[in-house]
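Step one of this worksheet: look at the structure below.
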Amino acid sequence: MSLDVNNRLYSTMVDILETYVTNKDMKTQIYEFIDFKKEEGYLFGELVVLHYVIYNNKIENHIFKVAAAIELLILSFDILDDIEDQDNLSSPWVQHQNLSLNISSYLLFLCQLIIKESDFKHKYIALELLITKALRAIEGQHIDLLNNISCEDRYIDMVVLKSGSLTELACLIGTVLANPDKATEVQFYGSHIGVIGQIQNDMEGMKCWDGKNDLLNKKWTLPILYLLAVEQNHPVIEKIQNYYNGSIEKHEILELAKVIESLLEETGAFLYSKVTQQLYRNKAESSIMSLSITKKYKEALLKYI
């Protein structure tokens, strides 16, 4: 969506902080967090606004407050995710983790209060969706933290829960506030937007060798699962397997960074990830094109896949 929508979501979050947060120190920290997030944009809030407009046929000011509340929910999850994974030390919330965890708890309840206090006729349907989808996302995060995924199917199941539930939630919130009868239309592609995005993150996460590199963190992602499933006696793949088993140290893997990057291409690990991503993109596109909405709105939705 437009830069204006993102700016409006940001200013609405600022208004929310000024209205609800009374502790000055807490408010200052949350300002720092939303400023940090501003650079990457507000995908979830955008999806809320877009779906409300699609099924309401017009934009209304009060949808921005709900959309901003969903962005605050996502922020709370980002805080938890980075502190639990310990793989993104550049985030401002990892500096004072005890305070950040408290803010995360605060945001989880604040976003619900904002929806409850709204004037939308179907706000309680939206609240129920928020709770159920958020719980599914937390289950997905728990599976990810256990880090014992051994095959692609289990990995995709985890991603559908962890990432798909949140993009599905954003699409559904905007839809049900406008017209609850249309909810089933958006669930399918709403979840797929999250899967597509996560696979993209998987591939990008293998192209840099800092603290967020999934292989260095012994995480199981689609390209890594494919790479380690390659049936060949390659010494570097064997070393990666030994690293995951705890037999060798991180510095030995870092020395092989360039070789591993080449292997991800040569073995087809990246290609397989791209093909899998495209399959979900095709399914989402088919679902979007079947909607009884205008061409303009279909094109707007397709930008998210």
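The values are calculated or read from the model by the stated rules, or taken from the named source; none is laboratory data. Remember, predicted model here, so these are calculated numbers, not experimental data. All Cβ positions, even for glycine, are placed from backbone atoms using ideal geometry, and neighbour counts span all protein chains on display. Note: accessible area is taken over every heavy atom of the protein model, side chains too, but ligands, DNA and RNA are not part of it. Shrake-Rupley method; radii C 1.70, N 1.55, O 1.52, S 1.80 Å.
Brief remarks on what is shown
- Computed over region 130-253: relative contact order in percent, which uses C-alpha pairs under 8 Å that are six or more apart: 21
- Ordering ALA269, TYR297, ALA284 by the projection of their Cα atoms onto the charge dipole of region 248-305, which places +1 on the Cβ of Lys and Arg and -1 on the Cβ of Asp and Glu, puts TYR297 at the extreme positive end.
- Sum of -39500 (n - 2.57) over DSSP H runs of 4+, divided by residues of the chain (222 nm, nearest 500): -24000 deg cm²/dmol
- Fraction of accessible area attributable to carbon and sulfur, the chain (%, probe 1.4 Å): 51
- Put simply, when 82-91, 169-178 are sorted by average Cβ atoms within 10 angstrom per residue, most first, you get 169-178, 82-91.
- Surrounding net charge for ASP87, when Lys and Arg each add one and Asp and Glu each subtract one, Cβ distance under 10 Å: -4
- Ranked by how many other beta carbons lie within 10 Å on average, peptides 12-18, 260-266 from highest: 12-18, 260-266
- Residues of type lysines that LYS27 reaches as a straight line, Cα spacing below 19 Å, ignoring anything fewer than 8 places off in the same chain: LYS37, LYS38, LYS65
- Calculated from the structure at hand, Cα extents along the principal axes in Å is found among (1) 73, 53, 29; (2) 63, 49, 30; (3) 83, 55, 49 as (2).
- Computed on region 1-158, with alpha-carbon pairs under 8 angstrom and 6+ residues apart, the relative contact order is 20 percent.
- Assigned charges on the beta-carbon of Lys, Arg, Asp, Glu; region 113-164 dipole about Cα centre (debye): 220
- Rolling a 1.4 Å probe over the protein heavy atoms gives region 113-181 an accessible area of 46 Å² per residue.
- Mean separation of Cα contacts under 8 Å, 6 or more apart, over the residue count of the chain: relative contact order %: 16
- Computed label-point distance, nm, for sites ASP153 and GLU18 using a 7 Å Cα→Cβ extension: 5.4
- Simple Cβ-charge dipole of the chain, Lys/Arg +1 and Asp/Glu -1, about Cα centre, in debye nearest 20: 1000
- Peptides 240-246, 190-196, 211-217 ordered by average Cβ neighbours within 10 Å, highest first: 190-196, 211-217, 240-246
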